[in-house]
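Engineer: Have a look at this one before I ask anything.
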Amino acid sequence: MTAGLIALWAILHREALRFVLQRGRFFAALVRPLVWLVVFAAGFRAALGLSIIPPYQTYITYDVYIVPGLLGMILLFNGMQASLSLVYDREMGSMRLLLTSPLPRWWLLTCKLIASTAVSILQAIAFLVIARLWGVKLPWSGLAFVLPALFFGGMMLGALGLVLSSLIRQLENFAGVMNFVIFPLFFLSSALYPLWKMAEASPVLARICALNPFTQVVELIRFALYGALNTAALGWTVLATGVFMAAALWGYDPARGMAQRKGPPADA
Amino acid sequence: MKQWLSALLACVALPAQAGEIWVTNEKDDTISVIDVDTLEVVRTIETGERPRGITFSKDFSKVYICASDSDTVQVMDPETGAILHDLPSGEDPEQFVLHPDDTHLYIANEDDAITTVVDTQSRTVVAQIDVGIEPEGMAVSPDGKIAITTSETTNMAHWIDTSTQKLFANTLVDSRPRHAEFTTGTNELWVSSEIGGTVTVFDVATQKEKAKIGFEITGVNRDLIQPVGFEFTPDEKIAFVALGPSNHVAVVNAETFKVEKYILVGRRVWHMAFSPDFTKLFTTNGVSGDVTVIDVASQEALKSIKVGRFPWGAAMRPTKSKT
């Protein structure tokens, strides 16, 4: 197991290096949710009357409502970014180096997931600090609970990224990921509008939103921010993590995976 | 040392102060009783038709309720919830105020353009004073010498000398004055104007306007900013002003007359009452049918509690400590 820990350390270290060296990426990841908070939410601040839904105890302004959704957005984009970097690693050949390690593949992929989730959590904390300075007040008690919620959410979306990276052949295809994965996941969720509001427009859409695993992540974070546990959301998040992880392992299995079926990797 | 001791005593005594907030539900003909510690409705009591104004006697042994559509003021035993008797109030009593003598009720009769003075002991009408059209806001000065009626359509505050029960002054305010309160330390009268969207501050000694407070909430149409009920903190440094359909309560610095903050509450916020220790403020939100609890120190909304339909008035009743 020491070898496993060394691998975890090495992968974490590599991810940390990437994080430190690519400061632009860090800021870019922060700017995106901040634009939503500062511009988008400001426009709706007073206009959108929200009724009281759990975990809220009283009426809230729209900027308070979308903070959990924007934390989810950070996790989502980072998960996809991680998948992008895996495709890059594969093109550059460092992936092969990693996967030839005698350690079990599931462990290597899990290490990769933990590393990218750690980066996501750092960005989420930075976002929370800025949101607080911007005037969005959240109870301090929730901060301890939000870290595990961010971890579970980050792992799930990271696992989704792994599945995608096993499917994507080339970096250029990443635009497709944006169009067909990130946008539907984000917009068909409770990140920007509560599901009851969605149900007023279309019950079918609301149903789809409820099934969206990203909605579960957002709700898990939303409840955690108020020191509450949304058991259903946690259950679905863990289940989705398991399913995505299994799919990723299948995808990365050289004997059966997509890589095999699609022929040798590009750098071969 | 004495000061230090009394401060310590105050600290020890404060958390033990249990109490209830009594809220009249205009459309349900009921009172919802909220426990100030658990922030839950613990009792619902039936009243006459369309209960609006509510106030307790000084010793809290009786509660007076304006049952507007029953054309009466009901007197209730707060322990049992039983109606003890009615008071002759004149037609359509909306708001009233209990004189510091604990005996005389000054009642605004909205439909009749009069203020009725009722002796709660003998249960008789002592006087009826002609005032402007649609009287509503009622206040009595802390020394008991002056009573105020505001009339919604005449747009005036009418000053009543309580020794003669006659008007001695009338002052114009902005459109639709709804509520009036005296301050003790600064000897001021505050009157809120719903349509005018302002609160006018008068110097009681001269009945001259001293200041006018306006409100502005980013993103909320000016027409929706309609000041109604308001309350002062015990030190009279801060006034909380309910701003009706703008769904906000304004925090006003009562020394500079500047608005310091707006707190988001439920829809069409109307009146309010403090908890016995003045740490929490309960606002009645008519359209959303709930009561929002505001933490007075942090000036943040803590929770909104569902009550009956169209909660209107609110009054505090201290109860025995549970600890």
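The values are calculated or read from the model by the stated rules, or taken from the named source; none is laboratory data. Treat the numbers as computed from the prediction; the structure is a model and nothing was measured. Here Cβ is always computed from backbone atoms with ideal geometry, including for glycine, and neighbour counts include all displayed protein chains.
Engineer: Does residue B:220 count as under 25 Å from residue B:64 (Cα atoms), surrounded by fewer than 22 Cβ atoms within 10 Å (Cβ to Cβ) and without any contact (Cβ under 8 Å) to a residue 60 or more places away in the chain?
Structural biologist: Numbers: under 25 Å from residue B:64 (Cα atoms): no; surrounded by fewer than 22 Cβ atoms within 10 Å (Cβ to Cβ): yes; without any contact (Cβ under 8 Å) to a residue 60 or more places away in the chain: yes.
When the stated conditions are applied, residue B:220 does not pass them.
Engineer: Within the range A:131-165, track down each residue that is of a type outside the set (A, V, I, L, M), at negative phi and surrounded by fewer than 24 Cβ atoms within 10 Å (Cβ to Cβ).
Structural biologist: If the condition is that a residue be of a type outside the set (A, V, I, L, M), at negative phi and surrounded by fewer than 24 Cβ atoms within 10 Å (Cβ to Cβ), then A:132, A:134, A:137, A:139, A:140, A:141, A:142, A:145, A:148, A:151, A:152 are the ones that fit.
Engineer: Let me ask another. Return the residues of the range B:278-295 that are surrounded by fewer than 18 Cβ atoms within 10 Å (Cβ to Cβ) and outside any strand (DSSP E or B); say none if nothing qualifies.
Structural biologist: In the first step, residues of the range B:278-295 are kept if they are surrounded by fewer than 18 Cβ atoms within 10 Å (Cβ to Cβ); the result is B:278-279, B:287, B:295.
Passing the criteria: B:278, B:279, B:287.
Engineer: Can you report the number of residues in the range B:113-157 which are among the polar types (S, T, N, Q) and in contact with a Phe, Trp or Tyr (Cβ under 9 Å, 6 or more places away or on another chain)? Quick ask: steps written out before the conclusion?
Structural biologist: From the range B:113-157, those among the polar types (S, T, N, Q) are B:115-116, B:120-122, B:124, B:128, B:141, B:149-151, B:153-155; that's our starting set.
Restricting the remaining residues to those that are in contact with a Phe, Trp or Tyr (Cβ under 9 Å, 6 or more places away or on another chain) gives B:115-116, B:120, B:141, B:149.
Total satisfying the criteria: 5.
Engineer: I'd like the full set of residues that are within 14 Å of chain A (Cβ to nearest Cβ), touching a residue at least 40 places away in the same chain (Cβ under 8 Å) and hydrophobic (A, V, I, L, M, F, W, C), limited to the range B:271-319.
Structural biologist: Within the range B:271-319, B:281, B:282, B:287, B:291, B:293, B:294, B:302, B:305, B:307 meet the criteria.
Engineer: Right, here's the next one. Of B:259, B:228, which residue is modelled with pLDDT of 95 or more and outside any loop (DSSP other than H, G, I, E, B)?
Structural biologist: Values: B:228 fails: outside any loop (DSSP other than H, G, I, E, B).
Selected residue: B:259, the only one of B:259, B:228 that is modelled with pLDDT of 95 or more and outside any loop (DSSP other than H, G, I, E, B).
Engineer: Can you name the number of the only condition in (1) surrounded by fewer than 18 Cβ atoms within 10 Å (Cβ to Cβ); (2) free of Cβ contacts under 8 Å to residues at least 40 places away in the same chain; (3) out of contact with any strand residue (DSSP E or B) (no Cβ under 7 Å at 6 or more places or on another chain) that residue B:88 fails?
Structural biologist: Tallying (1) surrounded by fewer than 18 Cβ atoms within 10 Å (Cβ to Cβ); (2) free of Cβ contacts under 8 Å to residues at least 40 places away in the same chain; (3) out of contact with any strand residue (DSSP E or B) (no Cβ under 7 Å at 6 or more places or on another chain), residue B:88 fails exactly one: (3).
Engineer: Out of A:120, A:94, A:101, report the one residue that is hydroxyl-bearing (Ser, Thr, Tyr), more than 24 Å from residue A:75 (Cβ to Cβ) and touching a residue at least 40 places away in the same chain (Cβ under 8 Å).
Structural biologist: Details: A:120 fails: more than 24 Å from residue A:75 (Cβ to Cβ); A:94 fails: touching a residue at least 40 places away in the same chain (Cβ under 8 Å).
On inspection, the qualifying residue turns out to be A:101.
Engineer: A follow-up question, please. If I filter the range A:43-50 for residues that are in contact with an Asp or Glu (Cβ under 7 Å, 6 or more places away or on another chain) and at pLDDT below 85, do I get at least one hit?
Structural biologist: yes
Engineer: Find the residue count for the range B:113-170, including only residues that are surrounded by 17 or more Cβ atoms within 10 Å (Cβ to Cβ), under 22 Å from residue B:208 (Cα atoms) and among the acidic types (Asp, Glu).
Structural biologist: The total comes to 2.
Engineer: Answer with yes or no whether residue B:196 is assigned to a loop (DSSP other than H, G, I, E, B) and either in contact with a Leu (Cβ under 9 Å, 6 or more places away or on another chain) or free of Cβ contacts under 8 Å to residues at least 12 places away in the same chain (or both).
Structural biologist: In short, no.
Engineer: Kindly evaluate residue A:20 against the criterion of being part of a helix (DSSP H, G or I), buried (at least 17 other Cβ atoms within 10 Å of the Cβ), touching a helix residue (DSSP H, G or I) at 6+ places or on another chain (Cβ under 9 Å) and away from chain B (no Cβ under 14 Å).
Structural biologist: In short, no.
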